[in-house]
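Data block below; observations after.
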Amino acid sequence: MTSTSRTAEGGRIDRATTLEFTFDGQPFTGHPGDTLASALLASGRHQIATSIKLGRPRGVAAAWAEDPGSLVQIEEPFPEPMLLATTVELYDGLAAHGLPGQGRLAEVPDSARYDAVHHHVDLLVVGAGPAGLAAALTAARAGARVAVVDEQSEAGGSLLSGTERLDGAPALQWVAAAVAELAEHPEVLHLQRTTAFGSYEDGFVLALERRTDHLGATAPKHLARQRVWRFRARSIVVATGAHERPVVFTDNDRPGIMLAGAARTFLHRYGVLPGREAVVFTTNDSAYDAALDLHRVGVCVQAVVDARPEGSARREECERAGIRVLPGAVVTGTQGVDRVTHALVAPFVDGEVGAGSAIACDLLLVSGGWNPAVHLFSQARGRLRYDEGLGAFLPGEELDGLSVTGSATGVSDLGGCLAHGQRVARAALAALAITPAGDDRLPAAPEAVVPTAPLVLWRVPDSSGAEGSTQFVDLQRDATVADIARAVGAGLRSIEHIKRYTTIGTAHDQGKTSGVLTSGITAELLGIPVQDTGTTTFRPPYTPVAFAALAGRDRGRLFDPERVTALHEWHVAAGAVFEDVGQWKRPRYYPQPGEDMEAAVLRECAAARTGVGILDGSTLGKIDVQGPDAAVLLDRLYTNLISSLKVGSVRYGVMCGVDGMVIDDGTVLRLAEDRFLVLTTTGGAAKILDWMEEWVQTEWPDLRVHCTSVTEQWVTFPVVGPRSRDVIGAVFPDVDVSNEAFPFMTWRDTTLEGVPVRLARISFSGELAFEVYVNPWYAVAVWERLLEAGRPYGITPYGTETMHVLRAEKGYPIIGQDTDGTVTPQDLGMGWAVSKKKPDFVGKRSFARPANQDPLRKQLVGLLPTDRQTVLPEGSQIVEFFPDGQLPPPPVPMLGHVTSSYRSAELARPFALALVKGGRERIGDTVHVPVNGTLVPVEVTGSVLVDPEGARRDG
Amino acid sequence: MQLIECPWCGPREEVEFSYGGQAHVPYPDDPGGLSDEEWAHYVFFRDNTKGRFAERWNHSIGCRRWFNAIRDTATYRFERVYRLDDPKPVTP
Ligand SMILES: [Zn+2]
């Protein structure tokens, strides 16, 4: 399709190069420098999509991120929904189509890369328009560390959209010189295509850099497509400009209706004639520039409709050019289907609309004034102030470390913006004790013309009889003046409530054009000052950010650290099925060909109970506790006495919180008078080290003790089962492994070909067992020695599932599975592990609380399903029948729940552990567990189901 | 993302820190000598101040030291940080 609406010359596009693209399946062309919107407008295409609820045709209504009309889906080169045609830079091969409010995510994984960079600066300048560039130059010349970010493809801001001059030359020459000067400063980072989308505490700003989006299919694969910059700035200068505000009138949503400033952007930046016959409707002087600029390139400007009774001092300028100016008039409505054909214009006197007439046009430009882009200031909790004269919210206070400049503060002339930018930067530098450079010249701007005062007009009264139902406030939500009136009629007063009731400001554009209009119209309907309605809260992100960009490299395997033991490769080679235990990858079981988990676990359990098994227990938490007061600390933190432990011995211990509830358990090895090795659960390792350090630092700083994690300094291999002694004896011939020389709950050091090894008689299965500790460098060698020595006995590696079955058969609880933070040692049947001798330890006083003495507390018991078949689902509730055999009426009282449940090779039946109210009193009773809609009878037993006498631990 | 001033390391990002609740709530000298109610106050009861609040913080992903801070719970602003052996500052 040919460019019927392209100017003969000018614009920031490369006319020598033609790009081909498709939109809604039709072929189009454009040039480098175009956006998708400008290329479509250049081809005469105004309608982009239809609206979300009403299906009304919608077109390009603005030139950048504030546009509520041009929502598109990109299909090629990679599907991406919900983009604005006004912000999509054109590239060859682009395929897109208009969206009625909702897009479609790609169904294939995104192969692009995303990353993040941290960057620290003295001054971060957001926006490379005149004020931002002036601020950045001032800071750069002072030698400060500066970052300048700007969301457009090139610097210049509003200067890209106009014909302003500086130092007697086109202003963009100064922009180019400023950019070149910034590049000379080694401490300046200048990023275009980078949107600062959130400002947070203490100078933290997030920005999204679109690095390859504009390259389409030619984007180099090795470059991150988008990058999140995490700036930490000592001071921030917000120079984000202003968004033009429309005026609401009837049928104000047709394609061909756009903001006056946007038309200037399309003309000057993209060389696009957005129409042939234009009507300009304004409340302020800025739209006169659009009228005159369009006239100069041959657009027939039918009329400037100025709502101000006296019009503007610029009326004469227009009339000299032959443009008719209608002061004291408004646009009351429009005609047209997929493009505006007529503007209905009527006199406007004292707020009353008179009789009107239709003026033919294919372009209707609107300006209701300018809203400073205060988003980043407001996100940083800056308070806004309503300016009656401008009809806009401005920064209403000074913030530490964040200042606003340029048109974002309401300054409207070029010279004023430059001077303001420099002044703000100098003040920021002064606060950082950085001296400005002596030579800090700004270009000379033409003297500012004082504009005729604007009129604040939110909407034109609806004379169509439709009562505001086609007066669109938020085009993206199809929300109208009638919707606001309905909200106010329903009694809503808060602007936050009205936003949620009408959905205004909740769409893709987050209310960039509709937010302040809503405040104004609401105030008008309520008859209160606009200052009192205020605005809704500005929240990040300023423009939408893809989750992929926020995730960056932290996806897939890099989402969370994976911890593996020194034997991981061996486990993989052995065909282990892994499970996640916190961040650890642990072998769950080692299936042999044809085995499922149940078969593998029954085989592994049988090996450990009748022969010998071996486990990689390296993930167990290990804390080295050293110092003259080490025993004192452990006595205060464990429920039982640790100080009486002899060097060379091991003791099981329980730790509680001050509330008396169990937080962890494990064994303690006394290595020396002043040194202990504390073993914690895998999941509790970090928490227990924190716990120890907290008490030492905050309550007992007088204790001479140090704690450090040694979890990763030792691998641990429990060798378990009646034949474990044979295996250990064979591998460590220097060690006397007899019960007499090496009794249960003791440890011994030895060496294996010069490598130090520690052996401990600790059992988490009830069987004779030796734990082997060695430096991880020797893990594979030692493990393979143990396997080799165990071969005659059928040594069987087993995983966490078998470990759980073996420990549950012995009634050993897993803290965090069989407990939930409301369980005391006594509830677990471990009153024996609670010292009566110690005057105090953490948790002791709570055991005497009445609630902890209640005989109906939930206690750990065993359950045996009487059908000898059902494996009770963990988490199942437990109920009981009345003596007469009936269930109690609903709600049926819950006695407790199943905490662990397995099939037992040893018992040849399933079993479970459970927390049951008054459980120990119920041993021998039958209670019921609902499973899949039937009540399974279970016998309550003691928690130790295998070897309750403890006869096996010595082999 | 706030910066929190560790008395030992200087300002660091808030994700490096963990919160430790109200400061200056010492472990009782003689828990056994307390009534159930007095003990319950130590275990379960803490102030819920709006405004300046003395709190415990731990630079847990840093130097791992505990310290105290006066923080405004309404603005999140840390007004000062101090070592555990410093007395509680007098705040206006
Ligand atoms: Zn620190």
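The values are calculated or read from the model by the stated rules, or taken from the named source; none is laboratory data. Just so it is clear, the model here is predicted, and its values are computed rather than measured. Positions of Cβ are backbone-derived with ideal geometry, glycine not excepted, and every protein chain shown enters the neighbour counts. Ligands, DNA and RNA are stripped out before the accessible areas are found, and what is left, the full protein with its side chains, is counted by its heavy atoms. Shrake-Rupley method; radii C 1.70, N 1.55, O 1.52, S 1.80 Å.
Spot the failing condition for B:Asp86; the list is (1) at pLDDT 95 or above; (2) more than 10 Å from chain A (Cβ to nearest Cβ), and only one is missed.
The one condition B:Asp86 does not meet is (1).
Please verify whether A:Leu677 is more than 11 Å from every other protein chain (Cβ to nearest Cβ), open to solvent by less than 20 Å² (accessible area, probe 1.4 Å) and part of a strand (DSSP E or B), treating the condition exactly as stated. If you could, list the steps in order and put the result at the bottom.
Details: more than 11 Å from every other protein chain (Cβ to nearest Cβ): yes; open to solvent by less than 20 Å² (accessible area, probe 1.4 Å): yes; part of a strand (DSSP E or B): yes.
The answer is yes for A:Leu677.
For region B:55-67, give me each residue that is open to solvent by less than 40 Å² (accessible area, probe 1.4 Å) and either within 8 Å of another protein chain (Cβ to nearest Cβ) or of a type in the set (Phe, Trp, Tyr) (or both).
So the first thing to find is which residues in region B:55-67 are open to solvent by less than 40 Å² (accessible area, probe 1.4 Å), and the list is B:55, B:57-60, B:66-67.
Within region B:55-67, B:Trp57, B:Asn58, B:Ser60, B:Trp66, B:Phe67 meet the criteria.
Going residue by residue through region A:112-134, is there one that turns out to be within 18 Å of A:Thr543 (Cβ to Cβ), touching a residue at least 40 places away in the same chain (Cβ under 8 Å) and surrounded by fewer than 24 Cβ atoms within 10 Å (Cβ to Cβ)?
Checked region A:112-134: at least one residue is within 18 Å of A:Thr543 (Cβ to Cβ), touching a residue at least 40 places away in the same chain (Cβ under 8 Å) and surrounded by fewer than 24 Cβ atoms within 10 Å (Cβ to Cβ).
Being closer than 21 Å to A:Met597 by Cα, crowded, with 19+ Cβ neighbours inside 10 Å and either in contact with a His (Cβ under 7 Å, 6 or more places away or on another chain) or polar (S, T, N, Q) (or both) is the filter here, so list the residues in region A:864-901 that pass it.
A:Thr870, A:Thr899, A:Ser900, A:Ser901
Check region A:591-614 and report whether any residue there is in contact (Cβ under 8 Å) with a residue 24 or more places away in the chain and within 36 Å of the chain's Cα centre (by Cα).
No: region A:591-614 contains no residue that is in contact (Cβ under 8 Å) with a residue 24 or more places away in the chain and within 36 Å of the chain's Cα centre (by Cα).
Can you name the residue in region B:73-92 that is open to solvent by 30 Å² or more (accessible area, probe 1.4 Å) and not in a loop (DSSP other than H, G, I, E, B) and is also nearest to the ligand (Cβ to nearest atom) among such residues?
The initial filter retains those residues of region B:73-92 that are open to solvent by 30 Å² or more (accessible area, probe 1.4 Å), namely B:73-81, B:83-88, B:90-92.
Retained after the next criterion (residues that are not in a loop (DSSP other than H, G, I, E, B)): B:78-81.
Working: B:Phe78: 14, B:Glu79: 18, B:Arg80: 16, B:Val81: 10 Å.
Among them, the one singled out is B:Val81.
Given A:Gly216, A:Gly168, A:Gly203, which one is small (Gly, Ala, Ser) and open to solvent by 50 Å² or more (accessible area, probe 1.4 Å)? It would help to see each step written out before you state the result.
Working: A:Gly216 fails: open to solvent by 50 Å² or more (accessible area, probe 1.4 Å); A:Gly203 fails: open to solvent by 50 Å² or more (accessible area, probe 1.4 Å).
One residue alone meets the criteria, A:Gly168.
Please count how many residues of region B:49-67 are part of a strand (DSSP E or B) and either within 21 Å of A:Ser709 (Cβ to Cβ) or within 16 Å of the ligand (Cβ to nearest atom) (or both).
The first filter runs over region B:49-67 and keeps only residues part of a strand (DSSP E or B), leaving B:52-58, B:66-67.
Those still in the list that are either within 21 Å of A:Ser709 (Cβ to Cβ) or within 16 Å of the ligand (Cβ to nearest atom) (or both) too: B:55-58, B:66-67.
Residues meeting the conditions: 6.
Residues are listed down the side, and each one gets a yes or a no for (1) under 43 Å from the mean Cα position of the chain (by Cα); (2) more than 25 Å from A:Gly942 (Cβ to Cβ):
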{"site": "A:Leu828", "(1), (2)": "yes, no"}
{"site": "A:Val834", "(1), (2)": "no, no"}
{"site": "A:Asp840", "(1), (2)": "no, yes"}
{"site": "A:Arg857", "(1), (2)": "yes, no"}
{"site": "A:Leu860", "(1), (2)": "yes, no"}
{"site": "A:Ile878", "(1), (2)": "yes, no"}
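Residue check, B:Trp8 against (1) more than 16 Å from the ligand (Cβ to nearest atom); (2) surrounded by fewer than 16 Cβ atoms within 10 Å (Cβ to Cβ); (3) among the aromatic types (Phe, Trp, Tyr), all met but one. Which one?
(1)
Tally the residues that are within 16 Å of the ligand (Cβ to nearest atom) and part of a loop (DSSP other than H, G, I, E, B), restricting the search to region B:12-34. Talk me through it step by step, then tell me what you get.
So the first thing to find is which residues in region B:12-34 are within 16 Å of the ligand (Cβ to nearest atom), and the list is B:12-20.
Restricting the remaining residues to those that are part of a loop (DSSP other than H, G, I, E, B) gives B:17.
So the count comes out to 1.
Across region A:388-417, what is the total count of residues that are surrounded by fewer than 18 Cβ atoms within 10 Å (Cβ to Cβ) and within 21 Å of A:Ala431 (Cβ to Cβ)?
Adding up the residues that qualify gives 6.
Would you point out the residue of region B:18-54, among those that are among the aliphatic types (A, V, I, L, M) and more than 19 Å from B:Arg80 (Cα to Cα), that is nearest to the other protein chains (Cβ to nearest Cβ)?
Applying the first criterion (among the aliphatic types (A, V, I, L, M)) to region B:18-54 yields B:23, B:25, B:34, B:40, B:43, B:54.
With the extra rule that they be more than 19 Å from B:Arg80 (Cα to Cα), the set shrinks to B:34, B:40, B:43.
On the way: B:Leu34: 7, B:Ala40: 7, B:Val43: 5 Å.
The qualifying residue nearest to the other protein chains (Cβ to nearest Cβ) is B:Val43.
Any residue at all in region A:809-823 that's in a helix (DSSP H, G or I) and either basic (Lys, Arg) or surrounded by 22 or more Cβ atoms within 10 Å (Cβ to Cβ) (or both)?
yes
Does any residue in region A:215-240 that is closer than 20 Å to A:Ala546 by Cβ and more than 14 Å from chain B (Cβ to nearest Cβ) come within less than 7 Å, Cβ to Cβ, of a residue that is assigned to a strand (DSSP E or B) and open to solvent by 20 Å² or more (accessible area, probe 1.4 Å) six or more places away or on a different chain, and which pairs are these?
A:Ala224/A:Asp115; A:Gln226/A:Glu209; A:Gln226/A:Arg210; A:Arg227/A:Asp115; A:Arg227/A:Ala116; A:Arg227/A:Val117; A:Arg227/A:Glu209
Could you say whether any residue in region A:755-769 is under 30 Å from A:Glu949 (Cα atoms), of a type in the set (Phe, Trp, Tyr) and assigned to a strand (DSSP E or B)?
no
Would you be able to tell me the number of residues in region A:71-90 that are modelled with pLDDT of 95 or more and assigned to a loop (DSSP other than H, G, I, E, B)?
Count: 5.
Got a sec? Which of A:Arg385, A:Arg381, A:Arg441, A:Arg426 is open to solvent by 40 Å² or more (accessible area, probe 1.4 Å) and in a helix (DSSP H, G or I)?
On the way: A:Arg385 fails: in a helix (DSSP H, G or I); A:Arg381 fails: in a helix (DSSP H, G or I); A:Arg441 fails: in a helix (DSSP H, G or I).
Result of the check over A:Arg385, A:Arg381, A:Arg441, A:Arg426: A:Arg426.
Quick check on B:Asn68: is it at pLDDT 95 or above and in contact with a Leu (Cβ under 8 Å, 6 or more places away or on another chain)?
Numbers: at pLDDT 95 or above: yes; in contact with a Leu (Cβ under 8 Å, 6 or more places away or on another chain): yes.
In short, yes.
Inspect region A:178-188 for any residue being in contact with a Ser or Thr (Cβ under 8 Å, 6 or more places away or on another chain) and modelled with pLDDT of 95 or more and give the result as yes or no. Give the derivation first.
The first filter runs over region A:178-188 and keeps only residues in contact with a Ser or Thr (Cβ under 8 Å, 6 or more places away or on another chain), leaving none.
No, because not a single residue in region A:178-188 is in contact with a Ser or Thr (Cβ under 8 Å, 6 or more places away or on another chain) and modelled with pLDDT of 95 or more.
From the list A:Asp616, A:Asp596, exactly one residue is under 30 Å from A:Thr824 (Cα atoms) and either buried (at least 16 other Cβ atoms within 10 Å of the Cβ) or at pLDDT 95 or above (or both). Which is it? Reasoning before the result, please.
Details: A:Asp596 fails: under 30 Å from A:Thr824 (Cα atoms).
The match here is A:Asp616.
Which numbered condition trips up B:Ile70, out of (1) within 13 Å of another protein chain (Cβ to nearest Cβ); (2) closer than 17 Å to B:Glu14 by Cα; (3) away from the ligand (no atom under 16 Å from the Cβ)?
Unmet condition: (1).
Output the residues belonging to region A:828-880 that are basic (Lys, Arg) and either under 21 Å from A:Thr899 (Cβ atoms) or away from chain B (no Cβ under 13 Å) (or both). Please lay out each step first, then the result.
Going through region A:828-880, the residues basic (Lys, Arg) turn out to be A:836-838, A:844-845, A:849, A:857-858, A:868.
Across region A:828-880, the qualifying residues are A:Lys837, A:Arg857, A:Lys858, A:Arg868.
Residue-wise test of (1) in a strand (DSSP E or B); (2) under 17 Å from A:Ser235 (Cα atoms).
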| position | (1), (2) |
| --- | --- |
| A:Phe377 | no, yes |
| A:Leu390 | no, no |
| A:Ser403 | yes, yes |
| A:Gly415 | no, no |
| A:Leu418 | no, no |
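I'm trying to understand the selection: among the residues of region A:155-164, which are open to solvent by 40 Å² or more (accessible area, probe 1.4 Å) and closer than 15 Å to A:Ala131 by Cα?
Going through region A:155-164, the residues open to solvent by 40 Å² or more (accessible area, probe 1.4 Å) turn out to be A:158, A:163-164.
Matches in region A:155-164: A:Ser158, A:Glu164.
Could you tell me which residue of region B:1-17 is farthest from B:Arg83 (Cα to Cα), considering only residues that are within 11 Å of another protein chain (Cβ to nearest Cβ) and touching a residue at least 60 places away in the same chain (Cβ under 8 Å)?
Here the answer is B:Gln2.
The conditions are (1) in a loop (DSSP other than H, G, I, E, B); (2) open to solvent by 50 Å² or more (accessible area, probe 1.4 Å); (3) modelled with pLDDT of 95 or more, and A:Gly465 fails exactly one of them. Which is it?
The one condition A:Gly465 does not meet is (3).
Residue under question is A:Tyr501, and the condition is that it be assigned to a helix (DSSP H, G or I) and aromatic (Phe, Trp, Tyr); does it hold? If you could, list the steps in order and put the result at the bottom.
Numbers: assigned to a helix (DSSP H, G or I): yes; aromatic (Phe, Trp, Tyr): yes.
Considered against the rule, which asks whether it is assigned to a helix (DSSP H, G or I) and aromatic (Phe, Trp, Tyr), A:Tyr501 comes out as yes.
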